[in-house]
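All of the numbers you see were taken from the coordinates with simple rules; none came from a lab. Computed from a predicted structure; not experimentally measured.
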Amino acid sequence: MLGTIALLAAAALAGAAGPAPARAPVSGHSAFADELRQARHTVHTPDLFDGRTFDTIEEGMAFAREAGFGALAERGVAAGKGIRPDVVYAGFSFGVMIAQQLAQTRPGAGGALLMNACLPVSEFGDAWPAGVPVQVHGKDADPLLPAYDPGAAATLTERVLAFLDTIPARED
């Protein structure tokens, strides 16, 4: 195996379309994780939503409000801490906050991939940790959770794999 990635995603929308990141870990993010695995990376995809999926963004947001955004974030951080620290932390949407927190605060983090969002570095410290590479992905004029775009998904996958190739392999 090459590298190890902790992939954290936002609410699980059952209706997300496409074979790569679009709206949800259930279909798009799972397929993205599978593409990374096919490239010989170990990928952890913790379930922050107790196996629940949602047909609409509104249903996912209602669940997050009921469960508590802070509680879901704590669940994600706890899941990340259950994985060895030298991984690349990756997040989509809400998962970015968790991935960024782990990458900035866990000694030995291997790197960070932040997709569809990022927070000011000051949220989790005074500066980005030295020696921890980071890559942030967004899309020009990207509305909240856009429809699946095969070209953008392919470009994202290509760029993520190229980024991961720059990070020294660690023994699993």
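Worth pointing out:
- Per-residue ³J(HN,Hα) for the range 102-109, Karplus 6.51 cos²θ - 1.76 cosθ + 1.60, θ = phi - 60°, Hz, x for Gly and Pro: 5, 5, 7, 10, 8, x, x, 3
- Whole-Hz couplings from phi, Karplus 6.51/-1.76/1.60, listed for the range 75-82; x for Gly and Pro: 4, x, 5, 4, 4, x, 6, x
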